[in-house]
Amino acid sequence: MVPFAAYSMPVQYPAGLLAEHLHTRSSASLFDVSHMGQIAVSGEGAAQALEALMPIDVQSLLPGKQRYGLLLGDAGGILDDLMLTRRDSDYLLIVNGACKATDLTHIQQQIGANCTIDYLAEQALLALQGPQAVTALQRLVPGIEKLVFMTGGVYTWQATSLFITRSGYTGEDGFEISVPAAQAADLAQALLAQAEVKPAGLGARNSLRLEAGLCLYGSDMDSRTTPAEAALTWAIPKVRRTGGARAGGFLGADIVLPQLDGSKPCSLVRVGLVAQARIPVREPATLQTEGGEPLGHITSGLLSPCLDQAIALGYVPPAYAAAGTLVYALVREADPRISTFERNLNMAFHYTADHEWLLIEGDTATVGITHHAQDALGDVVFVELPDVGKVFEIKEVAAVVESVKAAADVYMPLSGEIVEVNSALAADPSLANTDPQGKGWFFRVKLANTTELAGLLDEAAYKTLLAQRIIF
């Protein structure tokens, strides 16, 4: 047990961190995350008020839907990252335990005059994570299996009201359960009584999120880090960006928007790293060139239990952020080479700046998301495809993809009529993870205006785009 955010928290249980990590990946683990803060925001103007704090689209969020959000300061730095769910009468914010007091004060100061802000001190939070989480939970809460990723709702267990979202921070399927604190221990015991479920602590939660490429607030980002620097621009929809219907209007927009549109590039950006030597590379190891020129530093690092490779997150100049670039980390006076994960581009593909790919055959184009987009989103768990026969104009939203990190729109890269959708992908969204530029294609469109082809990117142009770190 260790002190963490004013709580006494388990780093690991008797089985150990490695066993807990692997059990989460293969079955289901229960994490007590009651140290995190739960804040309810309500009032007639709550959606507009929350958009003044975060560069996300709150106003169009339907009841029961959930989004990942970034609470920003005046200088565009990230004060906290959080999950926001629209409930029937309020918005529920799940914030980090170490930040909850300052978050609450900040929110009250910024929008408290126009909204009701309630800190839910009597609620505990349990996270059930892993591919067998739904199997275990549906025995206690029948019907929970119908809940889709990044949505939530009210359920009942033994006359106790629960608010459950299908979400988490491990890279696995799972649920976060807001339960009255007085009933939390009983619910935890009931979950642990299921054959699939074992307890897991802070250590496994950290290794799981890092293996999934997810940031830890306070390590991989803080109030000095902007969304573009943290490579979290996928969390900011087009409607809040320059040219969008509700562009700006949030704290730090004068700093954040120029970084998003490229008019004021970042000096450092976050990247994922894989070591070529089997030596753990931990924070705050210095990153440098082969010649010893300092570049940046590691913010999180460990030996991946599943990959059996050293992995890390860190910050480097954009010129060193392209896939396949070698940098060197100073570790115990050794210099293990580290490279960003590299994927080869296919010369036959065309690309868009929104990170869709197209394979054009005559007057028909097959469309999907690129490897880069999938990397930025994380594991895709749900796709909503258009109807065959529907006609779209260029840049209209044609599909929706939801991942372990967020939901994102897929834009129509060219005008035309949908002639086929990938039913295999709709049934098995993981195809977008394992083969995004192959079996994970989204739809086929009969082109209405071939002159629009001139606006697509070829391989060289798309590589240049990636090198500039214009993130999906």
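The values are calculated or read from the model by the stated rules, or taken from the named source; none is laboratory data. Computed from a prediction, not measured in an experiment: that's the story for all the values here. Reconstructed Cβ throughout: ideal geometry from the backbone, glycine too, with neighbour counts over all protein chains shown. Protein only, heavy atoms only, side chains kept; ligands, DNA and RNA dropped before computing areas. Shrake-Rupley method; radii C 1.70, N 1.55, O 1.52, S 1.80 Å.
Return the residues of segment 239-289 that are assigned to a helix (DSSP H, G or I) and modelled with pLDDT of 95 or more; say none if nothing qualifies.
V239, R240, A253, D254, I255, V256, L257, P258, Q259, L260 - these are the residues of segment 239-289 that are assigned to a helix (DSSP H, G or I) and modelled with pLDDT of 95 or more.
Can you pull out every residue in segment 112-136 that is more than 24 Å from Y91 (Cβ to Cβ) and open to solvent by less than 30 Å² (accessible area, probe 1.4 Å)?
Selection gives G130, A133, V134, A136.
Might you let me know whether segment 198-220 holds any residue that is crowded, with 21+ Cβ neighbours inside 10 Å, touching a residue at least 24 places away in the same chain (Cβ under 8 Å), touching a Lys or Arg at 6+ places or on another chain (Cβ under 8 Å) and not hydrophobic (A, V, I, L, M, F, W, C)?
Taking every residue of segment 198-220 in turn, at least one turns out to be crowded, with 21+ Cβ neighbours inside 10 Å, touching a residue at least 24 places away in the same chain (Cβ under 8 Å), touching a Lys or Arg at 6+ places or on another chain (Cβ under 8 Å) and not hydrophobic (A, V, I, L, M, F, W, C).
Starting from segment 153-166, take each residue that is among the hydroxyl-bearing types (S, T, Y) and list its partners that are open to solvent by less than 10 Å² (accessible area, probe 1.4 Å), counting only C-beta distances under 6 angstrom and pairs at least six apart or across chains.
Qualifying pairs under 6 Å: Y155/V141; Y155/L162; Y155/I164; T165/Q66; T165/T85.
Name the residues in segment 154-172 that are on the phi < 0 side of the Ramachandran plot and either open to solvent by less than 30 Å² (accessible area, probe 1.4 Å) or not in a strand (DSSP E or B) (or both), would you?
Matches in segment 154-172: W157, T160, L162, F163, I164, T165, R166, S167, Y169, T170, E172.
Please verify whether V33 is β-branched (V, I, T) and open to solvent by less than 20 Å² (accessible area, probe 1.4 Å), treating the condition exactly as stated.
yes
Can you tell me which residue within segment 334-354, out of those that are under 18 Å from S415 (Cβ atoms) and part of a loop (DSSP other than H, G, I, E, B), is modelled with the highest pLDDT?
Going through the qualifying residues, I end up with T352.
How do the pairs read when you match residues in segment 138-149 that are charged (D, E, K, R) with residues anywhere that are surrounded by 18 or more Cβ atoms within 10 Å (Cβ to Cβ), using Cβ under 6 Å and keeping only pairs 6 or more apart or on different chains?
E145/V134
So if I check each of V141, V95, V148, V179, which one is under 20 Å from the mean Cα position of the chain (by Cα), among the β-branched types (V, I, T) and open to solvent by less than 20 Å² (accessible area, probe 1.4 Å)?
V95
Which members of segment 36-49 meet the condition of being open to solvent by less than 10 Å² (accessible area, probe 1.4 Å) and either more than 30 Å from G112 (Cβ to Cβ) or in contact with a Cys (Cβ under 8 Å, 6 or more places away or on another chain) (or both)?
G37, V41, A46
Does L307 count as within 21 Å of A230 (Cβ to Cβ) and either among the aliphatic types (A, V, I, L, M) or not in a strand (DSSP E or B) (or both)?
Criteria not met by L307.
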